[in-house]
Structures are given as C-alpha cells and as structure tokens.
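Notes to accompany the following structure.
The values are calculated or read from the model by the stated rules, or taken from the named source; none is laboratory data. Given the structure is predicted, the values throughout are model-derived calculations rather than measurements. Don't worry about glycine lacking a Cβ; one is built from the backbone with ideal geometry, like all the others, and counts go over all protein chains shown. Calculation scope for accessible area: heavy atoms of the full protein, side chains included, ligands and nucleic acids excluded. Shrake-Rupley method; radii C 1.70, N 1.55, O 1.52, S 1.80 Å.
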Amino acid sequence: DFCLIPMGTGDSSVAEYIAECQTVLQKSGLTFKAHSAPSGYGTNLEGPWNEVCKAIHDCHAAVHQLGAPRIATDIRIGTRTDREVVLGEGNDRKVRRVEEIL
C-alpha cells in the first residue's frame with residue numbers, strides 16, 4: 001500500500017497527479033486498486049518486490065514531470081513466507097476472509 005502526495009503545486013486538488021500515477025500503474029502490469037477509506041487514501045499494489053518498487057519510482061518520476069516540485073510518499077509493505085500467495089490475489093483474499101468471518 002502506498003500514498004503519494006504531491007506538494008508545492010499551488011493547487012489543493014491532486015487528482016491530475018494521482019490519475020497520472022494510476023496510468024503508470026496500469027502500464028506496469030501489476031495488480032493495483034486505489035482506495036479512500038477511513039484509514040486514509042492510497043493504492044494497494046501487488047507484485048514482486050522489485051517491480052513494486054520500480055512502479056512507485058515511476059509514479060514519482062511521472063508526477064515530477066507534471067510539475068510537482070516535491071512528493072511525499074508513505075509506503076506499507078507486507079510479505080509472508082509461511083504459505084504461497086498467488087500474485088494479484090493477496091489483498092482480495094484477505095478481504096474475503098474477513099467478510100466470511102463477519
């Protein structure tokens with residue numbers, strides 16, 4: 001999960017920048033889903049470690065290219081070795097499991 005925050009743009013709206021980042025993620029081929037929840041805004045991103053880091057880097061480059069002089073990004077990474085996780089199904093599987101319990 002990561003939350004990219006453009007700063008110093010002179011505009012309170014960041015929609016244009018986030019849309020550009022979403023375009024970058026689409027091109028990456030990774031599984032992703034933007035969210036806005038009580039816990040905050042962000043994008044769940046799934047894939048191999050190096051590809052995820054590259055996608056976040058590419059989002060930074062694209063948002064800077066649009067004119068954002070500064071970017072702050074919060075990143076939360078989860079990994080597991082106790083069982084196999086099918087790429088692209090990790091977050092959905094976790095949500096389904098909680099919904100089954102409810």
Quiz item: Pairs under 8 Å by beta carbon, first residue among the polar types (S, T, N, Q) in region 39-57, partner assigned to a helix (DSSP H, G or I), six or more apart or different chains?
Solution: T43/C21; T43/Q22; T43/L25; N44/N91
Exercise. Working carefully through the options G47, G67, find the one that is open to solvent by less than 60 Å² (accessible area, probe 1.4 Å), closer than 18 Å to G78 by Cα and either at pLDDT 95 or above or touching a helix residue (DSSP H, G or I) at 6+ places or on another chain (Cβ under 8 Å) (or both).
Key: G47
Quiz item: Any chance region 73-88 includes a residue that's surrounded by fewer than 11 Cβ atoms within 10 Å (Cβ to Cβ), outside any loop (DSSP other than H, G, I, E, B) and either in contact (Cβ under 8 Å) with a residue 24 or more places away in the chain or acidic (D, E) (or both)?
Solution: no
Exercise. State which residue is nearest to E84 (Cα to Cα) when the search covers only region 14-44 and only residues that are open to solvent by 60 Å² or more (accessible area, probe 1.4 Å) and among the small types (G, A, S).
Key: G29
Exercise. Report yes if I56 is closer than 27 Å to G8 by Cβ, surrounded by 10 or more Cβ atoms within 10 Å (Cβ to Cβ) and modelled with pLDDT under 95, otherwise no.
Key: no
